[in-house]
1. Looking only at segment 42-64, count how many residues are farther than 28 Å from Leu88 by Cβ and either open to solvent by 70 Å² or more (accessible area, probe 1.4 Å) or modelled with pLDDT of 85 or more (or both).
2. Restricting the search to segment 65-85, which residues are open to solvent by 70 Å² or more (accessible area, probe 1.4 Å), free of Cβ contacts under 8 Å to residues at least 40 places away in the same chain and under 26 Å from Ala122 (Cβ atoms)?
3. Are there any pairs with C-beta distances below 7 angstrom linking a residue in segment 86-97 that is acidic (Asp, Glu) to a residue that is surrounded by 15 or more Cβ atoms within 10 Å (Cβ to Cβ), with the two at least 6 apart or on different chains, and if so which?
4. Do we find that Tyr108 is at pLDDT below 70 and surrounded by 15 or more Cβ atoms within 10 Å (Cβ to Cβ) in this structure?
5. Say whether the condition of being at pLDDT 65 or above, of a type in the set (Ser, Thr, Tyr) and within 21 Å of Pro99 (Cβ to Cβ) is met by at least one residue in segment 128-144.
6. For segment 66-96, give me the residue count where each residue is among the aliphatic types (A, V, I, L, M) and at pLDDT below 85.
7. Give the number of residues within segment 1-37 that are surrounded by fewer than 11 Cβ atoms within 10 Å (Cβ to Cβ) and at pLDDT below 85.
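The values are calculated or read from the model by the stated rules, or taken from the named source; none is laboratory data. These numbers come from a predicted model, not from an experiment. FYI the Cβ positions are ideal-geometry reconstructions off the backbone, even for glycines, and counts take in every protein chain you see. The area values use the complete protein model at the heavy-atom level, side chains included, leaving out ligands, DNA and RNA. Shrake-Rupley method; radii C 1.70, N 1.55, O 1.52, S 1.80 Å.
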Amino acid sequence: MEAGPAAGAGRLRRSVGSPLQIVLLLASFVLTGYAGVRLLADDWLGVAVWFVGAALLHDLVLLPLYSLADRVPRLTGRYVNHLRIPALLSLLLLLVWLPLIVGPADRYPKLTGRPEGNNGYALHWLWVTVGLFAVSGLWLAVRTVRGRRPPHRPYQLRRSVSQARRSATKKRPPDSH
């Protein structure tokens, strides 16, 4: 059993981590604190309402919806990921670009110099979604076609040839020495 300061340092390292991990963790806390102070400086009540609203919206509305939506593709059997992955990517794109898809805020044209209005973001998102499902469907078609024909197995072919040679040599009489 260890005794002294080395034992305490070893125990601390096992429970907390290496010094580099501790420095990175502290740096992430400092960066998060700085971002929080900057974010809450202008409209802390609006940010708090947005945060609570987002948590409630996620827990009470979105979680049951995407849990239900995840059960539907399971009916397709083993090809469930050909529906799940493009839908997830499309949803992520929708969440990232939702403010521009729904319609940019009034300050958006002033800050970016782009004209007011939707500017086709919804149509672009829809075409990207169609493309994701098309690529996934094409990938499924290729997998299905490749699954129907016998796969190319050069190892098994070599093994059967070597087995045939062995059986042919076993049939020959042994050489007399």
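1. 5
2. Matches in segment 65-85: Leu65, Tyr66, Leu68, Val72, Arg84.
3. Nothing qualifies.
4. The answer is yes for Tyr108.
5. Here is the first cut: in segment 128-144, the residues at pLDDT 65 or above are 128-144.
Pick out the ones that are also of a type in the set (Ser, Thr, Tyr) and you get 129, 136, 144.
So of that shortlist, the ones also within 21 Å of Pro99 (Cβ to Cβ) come out as 129.
Looking for residues that are at pLDDT 65 or above, of a type in the set (Ser, Thr, Tyr) and within 21 Å of Pro99 (Cβ to Cβ), one finds at least one in segment 128-144, hence yes.
6. Qualifying residue count for the region: 6.
7. Residues flagged as surrounded by fewer than 11 Cβ atoms within 10 Å (Cβ to Cβ) and at pLDDT below 85 within segment 1-37 amount to 9.
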